[in-house]
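Okay, structure first, notes after.
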Amino acid sequence: MTGNSKIFFLVLLLCILHGCGIYSFSGTSIQADVKSIAVEYFQNKALRVNPSLANNLSEALIDKYRKLTKLEIAPEVGDLNVSGEIVSYVTNPMAVTAEEVAAQNRLTITIKITFTNRLHPEDDFEKSLSAYADYDSNQSLDSVEEGLCDEIIEILVDDIFNATVANW
């Protein structure tokens, strides 16, 4: 085979794989008949409430599906449905100094998600996910909370995305 023939064959093979729904360049494995997804806004049921957390988490998740899949974002009910709630938002001391004072604290957010696939119910699940970020105890939570939440939301959104459409 010549160089041009190899390139042509490779491009043809990639087009066939992508067109058949066998492989996606975004790493998703969504069945070909699934066309839409609905993401319900997360309820915040944690004892300590960050007022923007539920909205930021929901919006970040919708953006992830919009950017990395061809799924239509449905307003209420889709072929795929993701719902959830924030069940825990806690700060705990992590590293203790010789003077028995916390040198580092950890903000941990735990969510419970429910995934429903209306076309393939065997894929349905409910699970808890948790993520955390550490910060220096010399800083108040109020001063670092927004950045920590953004970091944690990114981790949780990746975990939800992978669990729902990437089959990781």
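Hey, does segment 92-108 have a residue that's assigned by TED's automatic domain parsing to the domain that holds Val39, crowded, with 18+ Cβ neighbours inside 10 Å and over 16 Å from Val144 (Cβ atoms)?
Looking for residues that are assigned by TED's automatic domain parsing to the domain that holds Val39, crowded, with 18+ Cβ neighbours inside 10 Å and over 16 Å from Val144 (Cβ atoms), one finds none in segment 92-108, hence no.
For segment 37-71, a tally of residues being in a strand (DSSP E or B) and closer than 17 Å to Phe115 by Cβ returns 4.
Per the listing Ile155, Ile160, Ile113, the residue uniquely closer than 28 Å to Val96 by Cβ and under 11 Å from the mean Cα position of the chain (by Cα) is Ile155.
Per-residue answers, yes or no, for (1) crowded, with 18+ Cβ neighbours inside 10 Å; (2) modelled with pLDDT of 95 or more; (3) among the aliphatic types (A, V, I, L, M):
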site	(1), (2), (3)
Asp124	no, no, no
Ser128	no, yes, no
Asp150	no, yes, no
Ile153	yes, yes, yes
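Working carefully through the options Ser58, Ser24, find the one that is surrounded by 13 or more Cβ atoms within 10 Å (Cβ to Cβ) and at pLDDT 95 or above.
Values: Ser24 fails: at pLDDT 95 or above.
Sole residue among the options that is surrounded by 13 or more Cβ atoms within 10 Å (Cβ to Cβ) and at pLDDT 95 or above: Ser58.
Of the residues making up segment 93-109, at least one is under 16 Å from Asp158 (Cα atoms), of a type in the set (A, V, I, L, M) and at pLDDT 95 or above.
Listed by position, the strands (runs of 3 or more DSSP E) inside segment 77-168 whose residues that are charged (D, E, K, R) number at least 3 are 125-136.
The values are calculated or read from the model by the stated rules, or taken from the named source; none is laboratory data. Predicted model, so just to flag it, every value in this text is computed and none were measured. We place every Cβ from the backbone using ideal geometry, glycine too, and count neighbours over all the protein chains shown.
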